[in-house]
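Working notes, structure below.
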Amino acid sequence: MALRAEPARRATGLRRLLAGLLMLVAGLGAGHARAEDGHDLWLRYRPLPAAQADAARGHATQLVAGTASATQAVTRAELLRGLGGLLGHAPVPADAVSRDGAIVVGTPASSPLVAGLHLDLHDLGREGYLIRSVVLDGHPATVIAGNDDIGVLYGAFGLLRRLQTGQPIDRLDLRERPRVQLRVLDHWDNLDGSVERGYAGASIWDWWRLPDYLPPRYTDYARANASIGINGTVLNNVNADPLILSHAYLEKVAALAGVFRPYGIRVYLSVRFSAPIEVGGLKTADPLDPQVQRWWRGKADEIYRLIPDFGGFLVKANSEGQPGPQDYHRSHADGANMLAAALAPHGGVVMWRAFVYANKPGEDRIKQAYGEFKPLDGKFAANVLLQVKNGPLDFQPREPFNPLFGAMPKTQLMMEFQITKEYLGFATHLVYLGPLYQEALAADTMEHGKGSTVAKVVDGTLDGHALTGMAGVANIGADRDWCGSVFNQANWYVFGRLAWDPTLSARAIAEEWTRMTFGNDEAVVRPVVDMMMGSREAAVDYMTPLGLAHLMGHGHHYGPEPWDASGPRADWTPVYFHRADKGGIGFDRTASGSDAVAQYAPPVANEFASLRQIPDEYLLWFHHVPWSYRMRSGRTLWDELVRHYTQGVEDVARMRETWAGLKGHIDDERYRQVATFLAIQQREAQWWRDACIAYFQSINGLPLPAGYAPPAHPLKYYQSLSFKYVPGYSAW
Ligand code: GCV
């Protein structure tokens, strides 16, 4: 033993020296913060500070990891790459533990060493993992174990995350398992390479060169997703091109599935309900027609021959002009169940969207989904999930939670969040969405009394559902930094982490991301996290404070247009939502108005309906109140509105100052991008404030409260602005 230990120590000493030199070289750059372009996301694996690297190196001397499966191979490769980058040198691959500080990776089935530890892995289920400091063959070691290869891969990312966030990796005893089963990105990517509501360039899917050409970007996409536990991707837009179901495209899909499979990511497709007509040449898509059912069964069989682990279908039906079962006087359940029957023999699922508002023209738009779906509770097949947007309208800066959560106990409801910032300043505004997601998940539906949170509906614990899911509309494009800005990466990140565990805190995740993205310098971490945490409220303030909604520009949703009353539908226009008149502002959704409050459980409905109880942030969502209405603050509603609009702009100014204070601590390229985008954000926040105040003032004729600057331009100026070729929107 002693003889063997000696050369190992010498080798370690030599390696330390080399590592030290490497750190020195890296450090030379660190002084003036080396440029980065954001491409590496949060998986940068840049060298840790010397003290931390020194401490960790002794716990990463050897790597005992199998390569029998593709997932095992990528797990091993990720650990070598990550540890190598962070610690200056990678652990030595080994078949057995022969010295202190080995990392042993595997399942009881894949690794005799793991099996020999007789770990209790039972409660980890599928995809769960544990990381534990153990003693193996007399040597202190770290084991990363799970019941399946994917769990172990997640564990490997978990260990790397600890290091990246500046935490020690000794004396570990961590157990993690996902609380939500399907953690899915929804790409609104079109087959022509454009992305609906995409602000980070063209689609990353190069359909033209698929299935042959598989650039490394696809693998990096899979790595990034796996690192945060995302296990599914819907490749194409819910406004689906039926061509995706042609054999040629399915072969392309199969090629992508092959890249993602080792990372535990299944592919799903958005399908157009009328595909049996467009692709199959049938005369109908009636879900109760046996020919149609046969066609879908045949299509499912074809897909599974190509992609044995295909996830299933996402469907937008009878919504915004998309075809659906109602075209044949059938219900959403008839449609969903027909597709579910085709997928069931293969283990696939249907994610049927609840985003509908077409049935009853004249009825308050936000009430319509509930009206259509609530009566169908309990009517969906076992492999159907109803995919519900977080709020009842459409991804606004702030909405109350969607009343379908808590109203359909016999249905598997999955959450749909938007990661791309369609209504939140596109790619350029810095708006961290963690607080928005957390607010929605923590909302109490009161379905079974206090504590019946949306998170518990989504993770299935409230009503005892096993099949659960969370989807996020992706913000990913072909831009070098994937998301159109460094800070947008945090929104992809926080979505994944909350899908893994909806009870995690948005602040803790922001901190994690910041450390992984910008390093562990406390002088950077705290201000950046504070800035991120305040950013969503700032956007609410300069866009739609106090429960206002949908004041954005027509169609493209860029910038303010609160005056817009143009067609083709009243419920696409800002005036429909804010209802401002000489007397007051807001949408009366109490019993004296549309009575949307009645869609919530009584305690929630009572709170929202009561002017005394309703939180300020939802006031104008549920109530039409006079401009002179006295707020809790003592100010009139008008004064309060102006105060919020102004506050939003000031908050962005403060974000700019915070960022300016970090110059020199952040590499130049990322620093300059963020600084430029914050300048754009401040300009646009001011525009939002001024345009909205000018417009509302033109309605109420009231003076601004003392000390508040008038809008920079007359209302006519803001109304004259028009924008062509706005990204993410192509209805020209
Ligand atoms: C994919 C909103 C967006 C649309 C989107 C739709 C949906 O209306 O503006 O671009 O379409 O939501 O979620 O289906």
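Bear in mind these aren't lab numbers, they're just calculated from the coordinates by the rules spelled out. Remember, it's a predicted structure, so these values are computed and weren't measured experimentally. Heads up, the Cβs are rebuilt from the backbone with ideal geometry, glycines too, and the neighbour counts pull from every protein chain shown.
Applying 0.36 nm per residue to the separation of Trp208 and Asp192 and subtracting their alpha-carbon distance, the gain on full extension is 4.9 nm.
Rounded to the nearest 500 deg cm²/dmol, what is the calculated helix-only ellipticity per residue at 222 nm for the chain, with -39500 (n - 2.57) per DSSP H run of length n ≥ 4?
Values: 22 runs with 285 residues, N = 732.
Helix contribution divided over all residues of the chain: -12500 deg cm²/dmol.
With +1 on each Lys and Arg Cβ and -1 on each Asp and Glu Cβ, how big is the dipole of region 581-732 about its Cα centre, in debye rounded to the nearest 20? Spell out each step's value before the answer.
Values: 16 positive and 16 negative charges, 60 e Å.
Charge dipole, region 581-732, about its Cα centre: 280 debye, nearest 20.
For Lys450, the lysines whose Cα comes closer than 30 Å to its Cα, not counting residues fewer than 8 places off in the same chain, are Lys367, Lys374, Lys379, Lys389, Lys410. A dipole drawn for the chain from +1 and -1 charges on Cβ atoms has a positive end, and of Gly335, Thr658, Tyr629 the residue lying farthest that way is Thr658. Straight Cα distances below 27 angstrom link Lys724 to the lysines Lys421, Lys716, with same-chain residues fewer than 8 positions distant left out. Descending by average beta-carbon neighbour count within 10 Å, the peptides 699-708, 587-596, 393-402 line up as 393-402, 587-596, 699-708, the highest first.
Below 10 angstrom from the Cβ of Ser331, what's the summed charge of the other residues (Lys, Arg +1; Asp, Glu -1)? Working shown, then result.
Numbers: positive: Arg330, Lys379; negative: Asp334, Glu372.
Net of charged neighbours comes to 0.
About the Cα centre of the chain, what is the dipole size in debye to 20, counting +1 per Lys and Arg Cβ and -1 per Asp and Glu Cβ, all else neutral? Don't skip to the answer; put the middle values down first.
On the way: 72 positive and 77 negative charges, 173 e Å.
In total the dipole reaches around 840 debye.
Computed extension length for Ala115-Ala570: 157.4 nm, one decimal, from 0.36 nm per residue of separation with the Cα-Cα distance subtracted. Dipole magnitude for region 248-393: about 220 debye, using +1 per Lys or Arg Cβ and -1 per Asp or Glu Cβ, origin at the Cα centre.
Within the shell of other residues whose beta carbon sits under 14 angstrom from the beta carbon of Ala358, the net charge comes to -1, with Lys and Arg scored +1 and Asp and Glu -1. Are there trypsin sites (Lys or Arg not before Pro) in region 491-570 that DSSP puts in a loop and that have at most 16 other Cβ atoms within 10 Å, and which ones? Sites meeting the loop and neighbour criteria: Arg569.
How high is the relative contact order of the chain, in percent, counting Cα pairs under 8 Å that sit 6 or more residues apart?
Working: 1452 pairs, mean separation 85.2, N = 732.
Across the chain, relative contact order equals 12 percent.
Return the percentage of antiparallel bridges among DSSP beta bridges fully within the chain, rounded to the nearest 5 %. Mind showing how you got there, number by number?
On the way: 17 of 60 bridges.
About 30 percent, rounded to the nearest 5.
With the cut-off at under 16 Å, measuring from each backbone N in region 195-209 to a point 7 Å along the Cα-to-Cβ line of Asn239 picks out 195-199, 203. Computed extension gain for Ala94 through His665, at 0.36 nm per residue and net of the alpha carbon distance, reaches 201.7 nm. Here's the picture: charge each Lys and Arg Cβ at +1 and each Asp and Glu Cβ at -1 in the chain, and of Pro216, Val92, Tyr370 the one pushed furthest to the positive end of that dipole is Val92. Only beta bridges with both residues in region 87-162 are counted; by DSSP, about 60 percent of them are antiparallel.
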